Amino acid sequence: MKTDYIYLTLIGLLITICLTSCQQEQMAAFYVSPDGNDSAQGTIDDPLATLDGVKEMIRKYRIHNSKKTPVTVYFREGTYQRSRTLNLDENDSGSENHPVVYKAYKNEEAIISGGKTISADFVQKVTDTKILNRIVPEARPNIRVLNLKESGINDYGQMVPRGFARPYRPMHLEFFINNQAFQLARWPNNGKQPIGKIVDQGTMAREDSLPGKGGAFRYLTNRPGRWKQAENVWLAGLFKYGWADDRIRVEEINHHEKTFSMDHATMYGFNTTEKFHYLGWFAFNLLEEIDTIGEYYLDRKTGDLYFYYPDNFSGDEKIQVSMLETPMVSIKGASNMTFDGLIFENTRGMGVYMERTENILFENCTFRNLGLLAASLGKGIRPFEQMRHDKIGVPAPDTVGSLYQHLYADPVFNRMAGKNNGFRSCEIYQTGAGGIILGGGDRLTLEPAGNFIENCKIYDFNRVYRSYRGAVKIDGVGNRLSHCLIYNGTHVGIMVHGNDHIMEYNEFHHICMDVDDMGVIYLGRDPSEYGNVVRHNFFHHIGQPDVSVMAVYADDGACGTQVYGNIFYKAGTKSVMIGGGQNNDFSNNIFIDVPLAFHIDSRLLEWSKNKVARGGIFDYRLDLVNHDEPPYSERYPELAKYWDNLPELPLDNDIVNNVFIDVEQIHNFKEMWYYPMQQLKGKKKEFYKKNKPDFEYIFEQNFITDEDPGFIDPEKLNFSLKPESSVFDSLPDFNPLPYSKIGIRQNMKE
């Protein structure tokens, strides 16, 4: 009996030790608070103070514990200011089943800030008559000033040219009140002014050895007459083409001749608004034009920051400026981490940079008021000193720089973005240069990355850079964008490079709102970028009615894209553009109230034929991936035969089983490319006659009507079809669209 008792006692002790050990593993938690101390124990009652302190605490803990031990860092409410990047690497990783979790404690508002907060006590009303006399009379009572130098801020950053073909560079100091981003005072407050006569085109800065010379043009308004005391005036706008914005400094204003002479060269020069109504300029960085809430001006000599604010300034406002130019968080070579419920704000650069990472998840996070963008996955390119449309550059971490000029020259560049990283249920807004750059995957081997953006809301993402800085840029192989709501963008929504990406169940609206010749989803100029899928998305209220804007833009020879199960409602002046490419399939889509559903042309036979010439850019890009050898020839057999199948012609773009309702023109095939094909000669002409005798072979089994075919609630934009819809009678193979699954979902498990 005594032996049994001892035996049972030992068993009980072992169970107790085991349970205690398990409980300790489950309770491996650290706490951080702005009121904490990095010499503390990291408990809820004795929290750490900084992210760096937490990082060191976890590393020390890991020396004595396995990576399989779950670790959670709880952030208590408050602001964690960053004056330098938090660098995380493989030493900070979790394990596959036990990631290291950085989490806001019980939904408290934990903010990671790249800026500084300024006391409202520094704010005063402006009484200096020399200053007030430069401002319009009606605004003078609402002008306030704070001196940044007195508040300990002397670094204002650099104002540099920004725009098309220019690199991503850290923003200058920006100003925020109550989380609202203010803009440098501009005129006009909205819209653009027309460009008058071009006085001097200048020289274009396209070669490293040629910095270029700024041009000059006449303005057609008397407003600059108020700016005679202004220094460091800048112009922004669309100067030559409707898809290329720019922001350049004014060297001189000639008030007698009414001309602007520019201090910086542009990529393309200037055009007059007489020819292109969508072009134009606005001026900014003007003390004289602070006349509405949300505007400010910084005198860089004195440090005085002037801003417009209504009479009800209480002194309790949260006043902040951006400071940090490097990423707020940089993760290299790490794996198995989760960031949950944190807010990243007020930085001059990007929120998060990732490289060679795996299973890094940002969930329920907010990215706002960032100078550039929320995140970039994969290496960037050291910024080019001169504007270039394409050039091989030097890979660099923690930056974007001239990435897209490099990708144009080296489209197989492996950015080492890792795999299975993602953003889920995040909100991104008020960014200066787009949302997320999602790299990953190997274009030579077609190995997918599986990186993703899911259930996120991205909007107001073009505060400064207004072209080619989309809500999402996807490159590499096998990445995904799903269940997102994306809106309020001046230019492209999704820029696509690479293969086998999926864009599904997203809602897009009010994209391409200040642009010509662009699309919500844009890809092109590389026929090897096969396998991309656009399915089950809702495009509505896209672009302005008097410019060329598309929902899906397959530009310059784009091939092998599948577009099915989408809804296009008021979706641009041309809902789909096929710019000469082949083997793009469009099926089971619904088009409603659009001027032209499909534009298709033979540009590769005409004005863009140099691209498809042997030795041209397409030949170069196809050779880079060995398109007629495995794995490309096995994955995309049509691509293997590219040069044998009349690549000059937009063949095999199948448009079947679609629904067209109240569409002014279904397609412009005949006028855009049927007749130009008569230019074919010799063997190519014989081949075409034998294999493609009629252009209408690509358009069949579609349903066209001017009446409601049986939508559930079109007034509320619910374009689900009732079971008794006439569509199913006319198109028995038409699959009901999963309208209820499109866009943001409250429960991603559904």
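The values are calculated or read from the model by the stated rules, or taken from the named source; none is laboratory data. Keep in mind that this is a model prediction, so the values were computed, not measured. Reconstructed Cβ throughout: ideal geometry from the backbone, glycine too, with neighbour counts over all protein chains shown.
Going by the structure shown, is residue 557 within 25 Å of the chain's Cα centre (by Cα), closer than 26 Å to residue 741 by Cα, assigned by TED's automatic domain parsing to the domain that holds residue 626 and assigned to a loop (DSSP other than H, G, I, E, B)? For residue 557, the condition - within 25 Å of the chain's Cα centre (by Cα), closer than 26 Å to residue 741 by Cα, assigned by TED's automatic domain parsing to the domain that holds residue 626 and assigned to a loop (DSSP other than H, G, I, E, B) - is not met.
Is one or more of the residues making up region 341-357 more than 18 Å from residue 159 (Cβ to Cβ), surrounded by fewer than 20 Cβ atoms within 10 Å (Cβ to Cβ) and among the acidic types (Asp, Glu)? No, region 341-357 has no match at all.
Considered as a group, the residues in region 712-730 that are in contact with a strand residue (DSSP E or B) (Cβ under 7 Å, 6 or more places away or on another chain) and closer than 20 Å to residue 537 by Cβ include one that is surrounded by the fewest Cβ atoms within 10 Å (Cβ to Cβ), and that residue is 718. Would you be able to say whether some residue in region 527-535 is touching a strand residue (DSSP E or B) at 6+ places or on another chain (Cβ under 9 Å), more than 23 Å from residue 624 (Cβ to Cβ) and crowded, with 23+ Cβ neighbours inside 10 Å? Scanning region 527-535, I find at least one residue that is touching a strand residue (DSSP E or B) at 6+ places or on another chain (Cβ under 9 Å), more than 23 Å from residue 624 (Cβ to Cβ) and crowded, with 23+ Cβ neighbours inside 10 Å, so the answer is yes. The set of residues in region 522-539 being at positive phi and either in contact with a Leu (Cβ under 9 Å, 6 or more places away or on another chain) or not assigned by TED's automatic domain parsing to the domain that holds residue 584 (or both) consists of 531, 536. All of (1) at pLDDT 95 or above; (2) out of contact with any helix residue (DSSP H, G or I) (no Cβ under 8 Å at 6 or more places or on another chain); (3) crowded, with 17+ Cβ neighbours inside 10 Å hold for residue 187 with one exception: (2).
Examine region 466-488 for a residue that is aromatic (Phe, Trp, Tyr), assigned to a strand (DSSP E or B) and outside the structural domain of residue 548 (by TED's automatic domain parsing), and state whether such a residue exists. Spell out the reasoning first.
If we filter region 466-488 for residues that are aromatic (Phe, Trp, Tyr), which is where we start, we get 468, 487.
Next, from what is left, pick out any that are assigned to a strand (DSSP E or B): 487.
Keeping just the survivors that are outside the structural domain of residue 548 (by TED's automatic domain parsing) gives 487.
There is at least one residue in region 466-488 that is aromatic (Phe, Trp, Tyr), assigned to a strand (DSSP E or B) and outside the structural domain of residue 548 (by TED's automatic domain parsing).
Counting only strands (runs of 3 or more DSSP E) that sit completely within region 202-312, those holding 1 or more residues that are among the β-branched types (Val, Ile, Thr) and closer than 23 Å to residue 134 by Cβ correspond to 245-254, 259-262.
Residues in region 57-93 that are aliphatic (A, V, I, L, M) and part of a helix (DSSP H, G or I) were compared, and the one that is nearest to residue 338 (Cα to Cα) is 58.
Among what's in region 90-109 and is surrounded by 15 or more Cβ atoms within 10 Å (Cβ to Cβ) and under 27 Å from the mean Cα position of the chain (by Cα), pick the residue that is nearest to residue 34 (Cα to Cα). Checked region 90-109; the qualifying residue nearest to residue 34 (Cα to Cα) is 104. Selection of region 94-119 for residues being outside any loop (DSSP other than H, G, I, E, B) and within 13 Å of residue 176 (Cβ to Cβ) yields 111, 113, 115, 116, 117, 118. All of 624, 646, 651 fail the test of being on the phi > 0 side of the Ramachandran plot and either in contact with a Lys or Arg (Cβ under 9 Å, 6 or more places away or on another chain) or crowded, with 22+ Cβ neighbours inside 10 Å (or both), apart from 646.
For region 494-507, the criterion of being assigned to a loop (DSSP other than H, G, I, E, B), on the phi < 0 side of the Ramachandran plot and free of Cβ contacts under 8 Å to residues at least 60 places away in the same chain is satisfied by at least one residue.
Against the condition among the aromatic types (Phe, Trp, Tyr), modelled with pLDDT of 95 or more and more than 30 Å from residue 293 (Cβ to Cβ), how does residue 217 come out, does it pass?
Values: among the aromatic types (Phe, Trp, Tyr): yes; modelled with pLDDT of 95 or more: yes; more than 30 Å from residue 293 (Cβ to Cβ): yes.
So residue 217 passes the test.
Which of the strands (runs of 3 or more DSSP E) found entirely inside region 318-397 contain at least 2 residues meeting this: touching a helix residue (DSSP H, G or I) at 6+ places or on another chain (Cβ under 6 Å)?
Working: elements: 319-322, 329-332, 335-340, 342-347, 352-355, 358-363, 366-370, 375-377.
In region 318-397, no matching strands (runs of 3 or more DSSP E) lie anywhere.
With the structure loaded, tell me whether residue 479 is over 28 Å from residue 631 (Cβ atoms) and polar (S, T, N, Q) or whether it fails that test.
Details: over 28 Å from residue 631 (Cβ atoms): no; polar (S, T, N, Q): yes.
No, not satisfied.
Residue-wise test of (1) hydroxyl-bearing (Ser, Thr, Tyr); (2) closer than 25 Å to residue 176 by Cβ.
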position	(1), (2)
241	yes, no
257	no, no
272	yes, no
288	no, yes
305	no, yes
308	yes, yes
314	yes, yes
319	no, yes
325	no, yes
